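Chemist: First, the structure itself, so that you have it in front of you.
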Amino acid sequence: MLREQTRAPFSVLLCGVLLAACGGPPEAGQALAPEAPEGTLESAMCAGSSVTTVTIDGASTYEGVLAGGGSWAVAYPANGVRLEYTVDGVLQSSEERLGSSGGWSFSLSGASCYAHNLVVKAYPMVVDSSGTRTTCWTSSFKSVSYAVADVCKRACVCTGWACGNGSIGAYQGDIFTNISLSQVQQYFQANANTGWTCVVPAAIRGSGGPLGCYCAGYCGNGGIGANPNFFDLGLSQQTVDAYYGGGKAGNRTGWLCGSWRGSF
């Protein structure tokens with residue numbers, strides 16, 4: 001009899017200790033075990049995951065749009081990737097892609113034709129069966145950069161009394177248009193004493209010759225106004241005399257005029 005009396009309380013106690021295993025709810029007001037901290041949870045889910053590859057296969061600018069593409073791959077248990085796109089040190093956008101590998105594409109409107117630096121950073125990501133996504137910030141990530149070429153077309157004007165370099169000679173005011181950066185460096189500015197001024201035009205009005213005029217500052221006269229780095233082409237000497245102050249350096253209109261020497 002005594003044995004059975006001592007046995008019952010022990011069984012009750014045992015069931016109380018194993019309440020969770022028995023499936024019973026906790027007593028009202030009983031504190032639940034604290035959840036694992038977020039960092040610990042992420043570490044457990046992301047352990048061993050990494051980005052194995054991220055590439056930029058190419059990037060360029062055209063008519064104000066910078067665009068590029070490449071590929072990525074991650075290692076198990078990662079089953080996705082978070083991609084961040086930075087241009088010239090400024091984060092432009094990010095996206096998440098699922099799978100163990102794949103391709104990516106990025107575009108940015110309003111980009112200038114000057115050179116840019118594109119950086120793509122990839123973080124491994126784990127997506128569980130319920131669709132919850134965990135970005136593994138502290139796991140092995142990779143980044144890659146790409147120098148997007150300068151595609152600006154320039155115009156060069158002879159602002160000295162006589163200009164040369166690379167067999168190109170000119171008199172003051174003479175103009176070349178549609179010149180790439182590499183051509184500028186090779187033919188017009190291989191040294192500092194060529195006498196040429198080369199700029200990306202704010203605008204080119206008109207086309208052809210025989211004469212052209214360059215506005216270095218704010219220019220006007222006869223109703224013709226222009227902001228800095230404007231070029232007017234397709235002008236006659238009569239037009240230059242009437243509206244551009246003759247086109248000589250230092251004239252009151254601000255324009256410098258000479259022969260249009262063509263495009264490269």
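Chemist: Taking only the stretch 92-131 into account, find how many residues are in a strand (DSSP E or B) and of a type outside the set (D, E, K, R).
Modeler: Of the residues in that region, 24 qualify.
Chemist: Output the residues belonging to the stretch 159-177 that are modelled with pLDDT of 90 or more and touching a Phe, Trp or Tyr at 6+ places or on another chain (Cβ under 6 Å).
Modeler: Cys163, Gln172, Ile175, listed by residue number.
Chemist: Among residues belonging to the stretch 132-146 that are part of a loop (DSSP other than H, G, I, E, B) and touching a residue at least 40 places away in the same chain (Cβ under 8 Å), point out the one that is surrounded by the most Cβ atoms within 10 Å (Cβ to Cβ).
Modeler: Within the stretch 132-146, the match that is surrounded by the most Cβ atoms within 10 Å (Cβ to Cβ) is Cys136.
Chemist: Let me ask something else. With the structure loaded, tell me whether Ser129 is more than 22 Å from the chain's Cα centre (by Cα) and surrounded by fewer than 19 Cβ atoms within 10 Å (Cβ to Cβ) or whether it fails that test. Explain how you work it out, then say what you get.
Modeler: Values: more than 22 Å from the chain's Cα centre (by Cα): yes; surrounded by fewer than 19 Cβ atoms within 10 Å (Cβ to Cβ): yes.
Considered against the rule, which asks whether it is more than 22 Å from the chain's Cα centre (by Cα) and surrounded by fewer than 19 Cβ atoms within 10 Å (Cβ to Cβ), Ser129 comes out as yes.
So that you can scan it fast, the table gives a plain yes or no per residue for (1) under 26 Å from Gly246 (Cβ atoms); (2) touching a helix residue (DSSP H, G or I) at 6+ places or on another chain (Cβ under 9 Å):
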position	(1), (2)
Cys152	no, yes
Thr159	yes, no
Gly169	yes, no
Phe176	yes, yes
Val184	no, no
Phe188	yes, no
Asn191	no, no
Ala202	yes, no
Cys215	yes, no
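Chemist: Here are the criteria: (1) under 30 Å from Ala202 (Cα atoms); (2) modelled with pLDDT of 95 or more; (3) surrounded by fewer than 18 Cβ atoms within 10 Å (Cβ to Cβ). Tell me which single one Leu118 does not satisfy.
Modeler: Leu118 satisfies every listed condition except (3).
Chemist: Could you check the stretch 53-82 and list, in sequence order, the residues that are without any contact (Cβ under 8 Å) to a residue 40 or more places away in the chain and either outside the structural domain of Ser130 (by TED's automatic domain parsing) or closer than 13 Å to Ser143 by Cα (or both)?
Modeler: Within the stretch 53-82, Ser71, Ala73 qualify.
Chemist: Only one of Asn165, Asn178 is in a strand (DSSP E or B) and surrounded by fewer than 21 Cβ atoms within 10 Å (Cβ to Cβ); which?
Modeler: Exactly one of Asn165, Asn178 is in a strand (DSSP E or B) and surrounded by fewer than 21 Cβ atoms within 10 Å (Cβ to Cβ), namely Asn178.
Chemist: Taking the condition over 30 Å from Ser101 (Cα atoms) and not aliphatic (A, V, I, L, M), does Phe141 pass?
Modeler: No; evaluated as a whole, the condition is false for this residue.
Chemist: If you don't mind, another one. Looking at (1) surrounded by fewer than 21 Cβ atoms within 10 Å (Cβ to Cβ); (2) assigned by TED's automatic domain parsing to the domain that holds Met45, can you tell me which one Arg205 breaks?
Modeler: Of (1) surrounded by fewer than 21 Cβ atoms within 10 Å (Cβ to Cβ); (2) assigned by TED's automatic domain parsing to the domain that holds Met45, only one is false for Arg205: (2).
The values are calculated or read from the model by the stated rules, or taken from the named source; none is laboratory data. As the structure is a prediction and not an experimental result, all values here were calculated from the model. Cβ coordinates were reconstructed from backbone atoms using ideal geometry, including for glycine residues, and neighbour counts include every protein chain displayed.
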